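Okay, so here's the structure we're looking at.
The values are calculated or read from the model by the stated rules, or taken from the named source; none is laboratory data. None of these values were measured; they are calculated from a predicted model. Counting neighbours? That spans all protein chains shown, and the Cβs are built from the backbone with ideal geometry, glycine included.
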Amino acid sequence: MEKRFDNWKKPVINEGKLTKYNWLVQNKKHLKLGCKTDIGAFTYINAKNGVIIEDYVQIGSHCSIYSISTIDNKEGEVVLKKNCKIGSHSVIMPGVVIGENSIIGAQSVVNKDIPKNTLAFGIPAKVVRKLNNKKINYG
């Protein structure tokens, strides 16, 4: 386990206000945040239809996670499975599940489920390859 998580404490989340780490949640009552997560500054989470962020998930800065989109009228729970990693400036659209241990490259738009143990990136994000156990950093 990484040292930066040695003294990890669940952050205080106030509706529509920046946390002390400078990320923001709307509809916080529908957010389930796991242990030892790392969410980068200026990330926005709209949890109206549910957002589940499991243990050891890392989210880069300036990401957007939407459980509702008024542009295309899509809605659905977003699930980020254990130990997945989301690169900076990425967008996760409603109804998406990102599999355990998967990595999403920076500046990606994820509009479909990503299987576990894979590397995906692009607009829209596509699976590039499988990750083997030697390359997975378990928390």
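Results, tabulated for the structure shown:
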| quantity | calculated |
| --- | --- |
| For residue 50: the one exception among (1) more than 30 Å from residue 6 (Cα to Cα); (2) within 14 Å of the chain's Cα centre (by Cα); (3) surrounded by fewer than 20 Cβ atoms within 10 Å (Cβ to Cβ); (4) not aliphatic (A, V, I, L, M) | (1) |
| Top-ranked residue in segment 1-17 [being surrounded by 12 or more Cβ atoms within 10 Å (Cβ to Cβ) and within 26 Å of residue 76 (Cβ to Cβ); ranked as modelled with the highest pLDDT] | 13 |
| In segment 18-40, the residues that are on the phi < 0 side of the Ramachandran plot, surrounded by 15 or more Cβ atoms within 10 Å (Cβ to Cβ) and in a loop (DSSP other than H, G, I, E, B) | 19, 23, 34, 37, 40 |
| Residue satisfying condition, being within 17 Å of residue 96 (Cα to Cα) and touching a residue at least 12 places away in the same chain (Cβ under 8 Å), within set 24, 31 | 31 |
| Test: residue in segment 70-83 that is assigned to a loop (DSSP other than H, G, I, E, B) and in contact with a Cys (Cβ under 7 Å, 6 or more places away or on another chain) | no |
| Residue that is farthest from residue 113 (Cα to Cα) [pool: residues in segment 34-52 that are in contact with a His (Cβ under 9 Å, 6 or more places away or on another chain) and in contact (Cβ under 8 Å) with a residue 40 or more places away in the chain] | 40 |
| Criterion (surrounded by fewer than 17 Cβ atoms within 10 Å (Cβ to Cβ) and in contact (Cβ under 8 Å) with a residue 60 or more places away in the chain) met by exactly one of 55, 72 | 55 |
